[in-house]
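*Asks:* Let me begin by handing over the structure; questions about it come next.
The values are calculated or read from the model by the stated rules, or taken from the named source; none is laboratory data. A quick note: this is a predicted structure, and the numbers were derived from the prediction, not measured. Cβ sites come from the backbone with ideal geometry, for glycine too, and all protein chains shown count toward neighbours. Heads up: the accessible areas ignore ligands, DNA and RNA and are worked out on the full protein's heavy atoms, side chains in. Shrake-Rupley method; radii C 1.70, N 1.55, O 1.52, S 1.80 Å.
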Amino acid sequence: MGTNNTGIAPASGASSGIGAAAARPMGKVTWKDVPTRTIAVGGVPFAYRALGPDAGVPVIFLHHLMAVLDDWDPRVIDGIAAQRRVITFDNRGVGASGGSVPHTIEEMGRDAIAFIRALGLKQVDLLGFSLGGGVAQMVALQAPDLVRRIVLAGTGPRGGGGIDEITRIAVTAYLKAALTLSDPRNFLFFPRTPEGKRAAKDYFARLKERTQNRDKPISLQARRAQLQAIRTAGLSAPDDLSVITQPVFVANGDRDLMVDSSHSADMASRLPNARLTIYPNSGHGGVFQHYRAFVPAVLDFLAD
């Protein structure tokens with residue numbers, strides 16, 4: 001692409017090198033019933049799921065703060081898996097994976113690289129949401145030859161102003177959730193507008209579609225370590241994003257409480273080969289609220 005492209009969304013090749021562990025065709029299996037597998041990564045079991053066609057460069061999904069496998073939106077997973085091989089996993093210490101969550105996103109990036117290589121993959125695309133977007137940046141910086149294209153959703157660059165305040169934002173949302181007997185993502189992911197509340201209700205209904213063999217909940221250690229890693233990243237010196245020369249698709253909502261869309265825009269402007277889409281009337285979970293627009297955009301981007 002060569003230049004940064006910014007847009008406001010409407011409301012509405014290479015060999016994969018897939019190893020034996022990830023090379024079984026899934027047929028018409030969907031996210032709600034795809035089996036969970038494990039693979040040893042440096043002697044530690046990592047839980048993962050894979051679905052979609054067994055050809056082309058696979059897309060590795062990196063999930064958000066306090067999330068496990070079952071927190072991915074099925075419409076996003078199934079939509080992308082209709083055309084691309086999708087691999088989701090619990091990084092070290094998350095959900096059903098073993099070990100303890102590290103306290104920096106650099107270490108999380110190294111663990112993600114080790115997982116990808118344990119699968120025998122030689123080149124991948126990355127889709128990172130929120131914290132996962134920070135981890136995706138670390139993968140690209142630490143192992144650039146492993147990465148072909150990157151999707152960064154609801155995330156910003158290291159050293160972004162305000163990102164270090166994530167603990168306060170999360171605690172406030174959890175207090176509101178406790179008072180209303182609801183999920184804190186109602187307040188973190190979606191605006192408290194009629195449209196946002198409908199989107200939240202639909203999103204949580206989709207998350208419940210998988211009823212069997214669900215992932216383990218995230219531990220208290222994992223929560224604390226992830227919050228520390230995010231705060232540390234927010235207070236760190238910015239990375240030189242100009243060295244990430246792969247094509248990058250940056251997406252966010254225009255009312256993101258956790259990572260203001262200005263941080264996403266700043267990140268996109270510092271990436272030499274990026275395009276930016278801001279979804280209207282949506283928050284941190286804008287790509288879930290607007291999945292009907294986001295999924296085709298991702299597929300189009302990855303097919304270039």
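*Asks:* Please work out if Val259 is assigned to a loop (DSSP other than H, G, I, E, B) and aliphatic (A, V, I, L, M).
*Replies:* In short, yes.
*Asks:* In addition: Could you check the stretch 207-243 and list, in sequence order, the residues that are charged (D, E, K, R), in contact with a helix residue (DSSP H, G or I) (Cβ under 7 Å, 6 or more places away or on another chain) and either assigned to a helix (DSSP H, G or I) or closer than 20 Å to Arg49 by Cα (or both)?
*Replies:* If the condition is that a residue be charged (D, E, K, R), in contact with a helix residue (DSSP H, G or I) (Cβ under 7 Å, 6 or more places away or on another chain) and either assigned to a helix (DSSP H, G or I) or closer than 20 Å to Arg49 by Cα (or both), then Glu209, Arg210, Arg214, Asp215, Arg231 are the ones that fit.
*Asks:* Here's a follow-up. For the stretch 49-77, give me each residue that is farther than 23 Å from Ala225 by Cα and either acidic (Asp, Glu) or open to solvent by 20 Å² or more (accessible area, probe 1.4 Å) (or both).
*Replies:* Residues satisfying the conditions are Pro53, Asp54, Ala55, Gly56, Asp73, Arg75.
*Asks:* Looking at Ala112, is it within 15 Å of the chain's Cα centre (by Cα), open to solvent by less than 20 Å² (accessible area, probe 1.4 Å) and of a type outside the set (Phe, Trp, Tyr)?
*Replies:* Criteria met by Ala112.
Table: residues versus (1) among the basic types (Lys, Arg); (2) at positive phi; (3) touching a Lys or Arg at 6+ places or on another chain (Cβ under 7 Å).
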residue: Leu51; (1), (2), (3): no, no, no
residue: Gly56; (1), (2), (3): no, yes, yes
residue: Val59; (1), (2), (3): no, no, yes
residue: Leu65; (1), (2), (3): no, no, no
residue: Gly93; (1), (2), (3): no, yes, no
residue: Ala114; (1), (2), (3): no, no, no
residue: Gly120; (1), (2), (3): no, yes, no
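*Asks:* Would you check if there is a residue in the stretch 65-81 being under 20 Å from Phe294 (Cα atoms) and among the aromatic types (Phe, Trp, Tyr)?
*Replies:* There is at least one residue in the stretch 65-81 that is under 20 Å from Phe294 (Cα atoms) and among the aromatic types (Phe, Trp, Tyr).
*Asks:* Across the stretch 123-145, what is the number of residues that are in a helix (DSSP H, G or I) and either aromatic (Phe, Trp, Tyr) or under 19 Å from Tyr48 (Cα atoms) (or both)?
*Replies:* Total satisfying the criteria: 6.
*Asks:* Among the residues of the stretch 245-276, write down those that are of a type in the set (Val, Ile, Thr) and surrounded by 23 or more Cβ atoms within 10 Å (Cβ to Cβ).
*Replies:* Of everything in the stretch 245-276, those that are of a type in the set (Val, Ile, Thr) and surrounded by 23 or more Cβ atoms within 10 Å (Cβ to Cβ) turn out to be Val248, Val250, Val259.
*Asks:* For the stretch 281-304, enumerate the residues that are in a loop (DSSP other than H, G, I, E, B) and more than 17 Å from Arg185 (Cα to Cα).
*Replies:* Asp304
*Asks:* Let me ask you something else. Yes or no: Gly19 modelled with pLDDT of 90 or more, surrounded by fewer than 16 Cβ atoms within 10 Å (Cβ to Cβ) and either more than 21 Å from Gly285 (Cβ to Cβ) or of a type in the set (S, T, N, Q) (or both)?
*Replies:* No.
*Asks:* Of the numbered conditions (1) out of contact with any helix residue (DSSP H, G or I) (no Cβ under 6 Å at 6 or more places or on another chain); (2) surrounded by 24 or more Cβ atoms within 10 Å (Cβ to Cβ); (3) more than 25 Å from Gly156 (Cα to Cα); (4) of a type outside the set (Gly, Ala, Ser), Phe46 fails exactly one; give the number of that condition.
*Replies:* (1)
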